[in-house]
Each structure stands twice: as C-alpha cells, then as structure tokens.
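Student: Quick one: this structure, given as structure tokens, is what I'll be asking you about.
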Amino acid sequence: MSERCPVCEGAFEYRFSAEVLHRYQVKYFQCPRCGLLQTEKPYWLDEAYDEAIAETDTGLVRRNLGISMRLASVLYFLFDRDGRYVDAAGGYGLLARLMRDIGFDFYWSDKHCANLLARGFDAEKAERPLAAVTAFEVIEHVHDPLTFLRDLMDQLQTRTVIFSTTLFEGAPPLPGKWWYYAHETGQHVSFYQRRTLEAIAERLGMRLFSHGWMHMVTDRNFRPVAFSVLAGKLGALLSYYVKLNMTTRAVSDHDLLVRRGREARS
C-alpha cells in the first residue's frame with residue numbers, strides 16, 4: 001500500500017481490516033486530507049474479475065434502466081443532443097444500447113468485457129472529439145481514480161466525464177455496516193466522500209457537479225441546481241419528455257449494421 005493518497009498525496013492512515021472474497025484479510029486505509037478510503041494494493045483482482053459481471057449482481061438491468069433515464073435528461077438539457085458519447089467500462093453494452101434506443105449517438109468501450117448488446121458501436125467508430133464520456137459503476141473499481149479520469153479524457157478527447165459512485169460521510173462505515181464495500185466480490189477497492197471528488201476535480205482543473213450517486217467533472221460552466229434537478233427524481237420523470245422529442249436509433253442502427261454486413265461480404 002502506497003503511503004500517499006493518489007488524489008491529494010496526503011498520508012494514508014489505517015482504518016480497519018475485512019474479509020474479501022471470503023478468504024483474504026484486507027486492510028483499508030483513509031486519507032484524512034481528502035477522505036479517500038482504499039484497500040491495500042488489490043492483489044486479488046484477477047480472481048475477482050474471473051467473471052466481469054459478478055454473479056450476485058441481480059440489480060444490473062434495473063440500475064441501467066434508472067441510469068439511462070436520468071442520464072437522458074442531463075444530456076438533453078445540458079449537452080448537444082446530436083453529440084457523440086462513449087460509455088467507458090460499459091460492460092455488456094446495455095447502457096450504450098439503451099441510450100441509442102432513446103436517440104443519443106452512444107458508443108461502447110470496455111477492456112474487461114465483451115460487447116454483446118451494442119455490437120457495431122465500439123468507441124473506435126466514434127468521431128472525436130466527444131461531447132462527454134460516461135463511466136458508471138467504475139470509479140469504485142480503480143485504485144488511482146485521478147489517473148483513471150485523466151487518461152480517459154485524454155484517450156477519448158473530451159473534457160467531461162459523467163460517472164457514478166455512492167458516497168459516505170464522516171467516519172468510514174465499519175465492515176458489515178455498508179453494503180457498498182461488496183466484500184464478497186472483491187471488486188470495490190476505492191470509496192469516496194464529496195470532498196474526495198472535489199479534490200479530484202481541482203487536480204484536473206475542472207468543476208465538480210454532484211447529486212446523490214451521479215457526478216460530473218467538466219470544464220463547462222453549468223448551474224449546479226440544473227445538474228441536481230436533472231440527475232434527481234425529476235430528471236427521471238423528464239426522461240419521458242426526452243423520449244418523445246428524440247428519434248430512436250433502433251431502426252436506423254439495424255439498417256446500418258445490415259448495410260455494413262453486405263459491404264463486408266461484397
């Protein structure tokens with residue numbers, strides 16, 4: 001375990017130990033300066049990612065449906081409706097497909113998972129620059145979030161990342177008192193407070209917008225209340241308005257993929 005926090009370079013302090021993957025005793029450390037809570041160096045990740053999507057993740061589809069609704073409102077009202085987007089670490093491609101079905105020009109990227117549901121729309125096919133990159137249910141999986149976000153923006157040529165993570169306040173919850181540790185899967189290795197995300201945004205020279213579990217770092221200037229409204233329950237309701245005013249790409253995507261197939265065979 002590095003003695004210095006990867007976000008603010010503060011000195012880590014030991015907080016507790018917990019059993020991970022039902023077999024490893026893992027130490028957890030926190031940076032008092034920015035609040036970042038991390039495991040020791042995660043030597044168990046190859047085992048944890050034996051399957052990219054954990055068997056116990058029964059809420060995967062439900063969460064993606066909820067994410068797509070609020071994300072649709074954020075993009076429709078704050079960004080270019082015709083812009084190009086990439087869902088980084090996009091799993092099986094469910095969110096990218098949902099967003100294309102609504103009408104947004106979304107693409108997929110994930111080095112650990114097969115693209116099953118957004119085939120034909122890999123990130124390599126998206127022209128640069130991008131309006132934004134999304135990275136949902138990712139940042140708790142990385143041990144150096146600052147480098148992860150910086151590299152993501154550099155590689156995909158964007159200055160906006162919209163992501164999710166569940167925050168904690170005050171002292172870190174004890175083992176067994178917070179489901180988000182996900183000790184049984186071993187995939188969650190970093191945990192954040194709002195001040196942690198603020199420190200990340202500051203190091204990137206960007207602004208942080210945050211509401212509940214949805215967050216955004218960007219160099220664009222929005223009213224914080226606008227993001228909070230669109231990322232909240234009202235945003236989920238407004239998504240029905242968005243769908244009525246967007247044209248789904250489901251049919252045009254089908255035609256495009258059929259045409260590509262013909263051209264590949266000719």
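Just so you know, all these numbers are worked out from the coordinates, no wet-lab data involved. This structure is a prediction, so every number in the text was calculated from the model and none was measured. Glycine also receives a Cβ, built like all others from the backbone with ideal geometry; neighbour counts cover every protein chain displayed.
Student: Taking the Cβ of each residue in Tyr49, Tyr240 as the centre, tally the other Cβ atoms inside 10 Å and list the residues starting with the fewest.
Tutor: Starting with the residue having the fewest Cβ neighbours, the order is Tyr240, Tyr49.
Student: Return the calculated 222 nm mean residue ellipticity for the chain, to the nearest 500 deg cm²/dmol, obtained by summing -39500 (n - 2.57) across DSSP H runs with n ≥ 4 and dividing by the residue count.
Tutor: Counting only the DSSP helices, I get -10500 deg cm²/dmol.
Student: Nearest 5 percent is fine: what portion of the DSSP beta bridges confined to the chain is antiparallel?
Tutor: Roughly 65 percent of the DSSP beta bridges within the chain come out antiparallel.
Student: Moving on to the next point. Among all cysteines in the chain, which have no other cysteine Cβ under 4.7 Å from their own Cβ?
Tutor: That list is Cys113.
Student: Counting pairs on different chains as well as pairs 8 or more places apart, how many Lys pairs in the chain have Cα atoms under 19 Å apart?
Tutor: 4
Student: Another question, then. Does anyone have the angle between helix 145-156 and the longest principal axis of the chain? Alpha-carbon axes, 0 to 90°, nearest 10?
Tutor: Approximately 20 degrees, to the nearest 10.
Student: Here's another thing I want to ask about it. Please arrange His215, His254 by how many other C-beta atoms lie within 10 Å of their C-beta, fewest to most.
Tutor: So the ranking, lowest neighbour count to highest, is His254, His215.
Student: Oh, and also: At most 15 other Cβ atoms within 10 Å and a DSSP loop assignment: could you name the GluC sites (Glu not before Pro) in the range 7-68 that fit?
Tutor: Answer by residue number: Glu9, Glu51, Glu55.
Student: Any idea how far the Cα center of the range 1-77 sits from the one of the range 180-244, in Å?
Tutor: Each part's Cα centre sits 15 Å from the other's.
Student: Please report the net charge: other residues with Cβ closer than 13 Å to the Cβ of Val142, K and R +1, D and E -1.
Tutor: Around Val142, the surrounding residues sum to -1.
Student: Amide H of Phe16: which non-local residues (sequence gap of 5 or more, or other chain) have their own amide H closer than 5 Å, using H built in the peptide plane?
Tutor: Under 5 Å from the amide H of Phe16: Tyr28.
Student: Another question, then. Projecting each Cα onto the charge dipole of the range 1-124 (Lys/Arg +1, Asp/Glu -1 at the beta carbon, about the Cα centre), which of Val26, Ala118, Leu36 comes out farthest on the positive side?
Tutor: Leu36
Student: Taking the Cα centre of the chain as origin, sum charge times position over the Cβ atoms of Lys and Arg (+1) and Asp and Glu (-1), and report the length of that vector in debye to the nearest 20.
Tutor: Roughly 880 debye for the chain.
Student: Amide H of Ile162: which non-local residues (sequence gap of 5 or more, or other chain) have their own amide H closer than 5 Å, using H built in the peptide plane?
Tutor: Val133, Thr134, Ala135
Student: Quick one: if you stick a label point 7 Å off each Cα along the C-beta vector at Asn245 and Lys233, how many nm between them?
Tutor: Simple spin-label model gives 2.3 nm for this pair.
Student: I need the GluC sites (Glu not before Pro) found in the range 122-165, filtered to DSSP loop residues with at most 13 other beta carbons within 10 Å of theirs.
Tutor: Here the GluC sites (Glu not before Pro) that fit, given the DSSP loop and packing criteria, are Glu127.
Student: Which order results if Ser68, Ser210, Ser17 are arranged by neighbouring Cβ count within 10 Å, fewest first?
Tutor: Ranking Ser68, Ser210, Ser17 by Cβ neighbours within 10 Å, fewest first, gives Ser17, Ser210, Ser68.
Student: Continuing with this model, one more query. Considering the values (i) 19.4; (ii) 18.6; (iii) 18.0, which represents Kirkwood radius over Cα pairs in Å as calculated for the structure under consideration?
Tutor: Among (i) 19.4; (ii) 18.6; (iii) 18.0, the one derived from this structure is (i).
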